[in-house]
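Single-structure report; data block below.
The values are calculated or read from the model by the stated rules, or taken from the named source; none is laboratory data. Just so we're clear, the structure is a prediction, and the values are computed from it rather than from any experiment. Neighbour counts run over all protein chains shown; Cβ positions are idealised from the backbone, glycine included. The area values use the complete protein model at the heavy-atom level, side chains included, leaving out ligands, DNA and RNA. Shrake-Rupley method; radii C 1.70, N 1.55, O 1.52, S 1.80 Å.
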Amino acid sequence: MNEVMQRVQHVYEFAKLDRMPEGPTSAQVTPRKLLSGPSLDKGKSSTMAAVLVGDKLAIALASMVRGSGSKAHTHPNEQLNYIVQGAMYSEVEGVRDVITKGMVMHNPANNVHMGVSCPDEDLMFLAMKDTRYGISGPPVDGKYDGPAYLPGFGKRAGEKAVTTADLIAELERNPQPGAMHYVYDVTPGAALPTGPASAVVTPGAKLNLPDGVTGTLITAEKLHVAVLSLAAGAMIAAHAHSNEQFTFVIEGSLQIELDDARESVGRHCALHVPAGLRHRISAPQGARIVTVQDTRHAFVA
């Protein structure tokens, strides 16, 4: 077997993860499938995803067909979701939100939460979890009888259909002043949250980021999640750190060096960096990325 075939895979193209990769991989791979049951009517969610599991971190590029989603459930690991496409109608411990593209939702460990794709388009999101538990938690009612649906969809097709605008208007009519923040707007120029929040938000100005790199860090119990923009030509110099890392490319592409290996990481691909592995990242044409690290140590870009 030649050297290329023996090299451990660290870069994962989600579009190709409908099957197992060939050769050794740095992360455990579960090819794309329905996550919560053997069939839609015997699960609790419509979520389809391919999953990558490392030592302390797990990520999944997940999708939900519009109007469908996950029933109320819990799990003893925390989860943060970055919205890649569409919008999610969510409820975390009774706090309701519509989360749009570029925002992050936090589900703390053991909190009751649900999420449904808003009606206007299918939802795609990057789910990030710690590995104290698996990727899918049990429904609160104990029943695996199909996903949650919005009015006008699935088992509720006979009801008057709602739109995303309807959901937003309902939240505006019924505000929840003083409620805990579980949703974080990390789009460029967004204001920091005020009031009680489930996680700590650190703006890029306080992160000592390299030249040409801007963004925001969200730090929760077990996960650091940074949403970063790299200008064309920006570089993160070669370094290693004692916490594990996944980096997902939202837009653009990266050039990476792992020890002596050089590779490209394209749009909707992920890079896995095990703890202690020396790596260098550059963005010749620019990129927007999500980087997740475990919180055993401080975040290092």
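Under unit Cβ charges (Lys, Arg +1; Asp, Glu -1), what dipole magnitude, rounded to 20 debye, does the chain have relative to its Cα centre? Provide the component values of the computation, followed by the final result.
Details: 27 positive and 30 negative charges, 67 e Å.
Dipole about the Cα centre, nearest 20: 320 debye.
Would you please give the residues with an amide H less than 5 Å from that of residue 43, counting only those at least 5 places away or on a separate chain, with H modeled from the backbone geometry?
146
Using the alpha-carbon centroid of each, what span in Å lies between the range 59-87 and the range 135-159?
If you average the Cα positions of each part, the centres end up 13 Å apart.
Quick one: what are the phi-derived ³J(HN,Hα) couplings along the range 272-280, Karplus 6.51/-1.76/1.60 with θ = phi - 60°, whole Hz, x for glycine and proline?
10, 10, x, 3, x, 7, 6, 8, 9
Can you compute the label reach from residue 171? Point 7 Å from Cα along the Cβ direction, backbone N cut-off under 17 Å, restricted to the range 56-72.
Correct set: 67-70.
If you average the sequence gap of Cα pairs under 8 Å that are 6 or more apart and divide by the length of the range 1-67, what percent do you get for the contact order?
Values: 97 pairs, mean separation 15.7, N = 67.
Relative contact order comes out at 23 percent.
Let me check I've understood the local charge: for residue 253, count other residues with C-beta under 12 angstrom from its C-beta, Lys and Arg +1, Asp and Glu -1. What total comes out?
Values: positive: 267, 288; negative: 13, 251, 263.
Charge balance in the 12 Å sphere: -1.
Roughly how many percent of the accessible protein surface of the chain is carbon and sulfur, given a 1.4 Å probe and a whole-percent answer? Walk me through the numbers before you get to the answer.
Details: 6910 of 13450 Å².
Exposed carbon and sulfur together represent 51 percent of the surface.
To the nearest 20 debye, what charge dipole does the range 1-144 have about its Cα centre, counting +1 at the Cβ of each Lys and Arg and -1 at the Cβ of each Asp and Glu? Please report the intermediate quantities before stating the final value.
Values: 15 positive and 15 negative charges, 53 e Å.
Dipole of the range 1-144, to the nearest 20 debye: 260 debye.
Measure off 7 Å from each Cα along the Cα-to-Cβ vector at residue 140 and residue 253, then give the distance between these two points in nanometres to one decimal.
If labels sit at residue 140 and residue 253, their model points lie 4.5 nm apart.
Which longest run of the chain has no exposed loop site in it, a site being GluC sites (Glu not before Pro) in a DSSP loop with at most 15 other beta carbons within 10 Å, and the site itself not part of the run?
Details: sites that count: 22, 93, 121, 159, 221.
Counting at most 15 other Cβ atoms within 10 Å as exposed, the longest clean stretch of the chain is 222-301.
For the range 207-212, what does the Karplus curve 6.51 cos²θ - 1.76 cosθ + 1.60, with θ = phi - 60°, yield as ³J(HN,Hα) per residue in whole Hz, taken in order and with x for Gly and Pro?
Karplus values, whole Hz, x for Gly and Pro: 9, 6, 6, x, 4, x.
I want the local charge near residue 271. Using Cβ-Cβ distances under 12 Å, sum +1 for each Lys or Arg and -1 for each Asp or Glu among the other residues. All intermediate terms of the calculation are to be shown ahead of the outcome.
Numbers: positive: 280; negative: 13, 244, 257, 263.
Local charge sum for residue 271: -3.
Counting Lys and Arg as +1 and Asp and Glu as -1, what is the net charge of the other residues whose Cβ lies under 12 Å from the Cβ of residue 54?
Values: positive: 56, 129; negative: 55, 130, 244, 294.
Local net charge: -2.
Which value, in debye to the nearest 20, gives the size of the charge dipole of the range 169-289 about its Cα centre, when Lys and Arg are +1 and Asp and Glu are -1 at the Cβ? Each step should come with its number before you reach the end.
Details: 8 positive and 11 negative charges, 21 e Å.
Using only the charged Cβ atoms, the result is roughly 100 debye.
Compute the accessible area per residue over the chain, keeping the other protein chains in place, probe 1.4 Å, unit Å².
45
Per residue of the range 135-147, what does 6.51 cos²θ - 1.76 cosθ + 1.60 with θ = phi - 60° give for ³J(HN,Hα)? Whole Hz please, x for Gly and Pro, Karplus curve as stated.
For the range 135-147, the Karplus-derived couplings read 7, 9, x, x, x, 4, 7, x, 10, 9, 10, x, x Hz, x marking Gly and Pro.
Hey, got the Cα dimensions of the range 127-238 along the principal axes, in Å, largest first?
55, 36, 31
Among 85, 46, 119, flag the residue with its Cα farthest along the positive direction of the charge dipole of the chain, charges on Cβ as +1 for Lys/Arg and -1 for Asp/Glu.
46
Can you tell which of 253, 176, 214 lies farthest toward the positive end of the dipole of the range 162-263, using +1 and -1 charges on the Cβ of basic and acidic side chains (Lys, Arg; Asp, Glu)?
My answer, from the dipole projection, is 176.
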